[in-house]
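Comments concern the structure below.
The values are calculated or read from the model by the stated rules, or taken from the named source; none is laboratory data. Fair warning: this is a prediction, and the values are worked out from it, not measured in the lab. Neighbour counts run over all protein chains shown; Cβ positions are idealised from the backbone, glycine included. Side chains included, ligands, DNA and RNA excluded: accessible areas come from the protein's heavy atoms. Shrake-Rupley method; radii C 1.70, N 1.55, O 1.52, S 1.80 Å.
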Amino acid sequence: MDRIEQGLVTAYKANSRDLAFIAKGLLDAAGIPYSIVGDGFRSLEGYSIFGDMNIGIRPYLIRVLEEDESRACEALRPLLETTEPIDEETLAKLAEEAGKETND
């Protein structure tokens with residue numbers, strides 16, 4: 001987990017809005033306060049058939065308090081242990097489980 005600001009750590013870097021929402025659900029279910037930083041875009045130099053491009057993808061940063069780091073790591077374990085791309089079915093299942101835990 002990256003140290004960002006004094007007292008905060010980046011618990012997870014979500015490469016899509018869907019993964020950010022799953023992380024949010026998992027942290028909500030665990031009662032861990034967090035903040036999500038980023039809009040998913042950043043500027044990049046490039047060129048396409050449509051002309052100059054300067055839009056790229058940047059991860060959403062899920063930040064927690066340092067004292068919640070180990071709890072957040074445990075809560076986010078399903079996402080942190082994933083080493084292969086998550087298929088749509090698995091993503092939907094994680095989202096559904098996170099939603100159930102939040103509603104309980």
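What the table shows:
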item: Of residues in the range 1-17 being at pLDDT below 80 and not in a loop (DSSP other than H, G, I, E, B), the one nearest to LEU61 (Cα to Cα); result: ASP2
item: Residues within the range 50-80 that are part of a strand (DSSP E or B) and either at pLDDT 90 or above or surrounded by 15 or more Cβ atoms within 10 Å (Cβ to Cβ) (or both), tallied; result: 6
item: Given (1) open to solvent by less than 80 Å² (accessible area, probe 1.4 Å); (2) at pLDDT below 80, index of the condition PRO85 fails; result: (1)
item: Test: residue in the range 24-36 that is at pLDDT 85 or above, polar (S, T, N, Q) and surrounded by 17 or more Cβ atoms within 10 Å (Cβ to Cβ); result: no
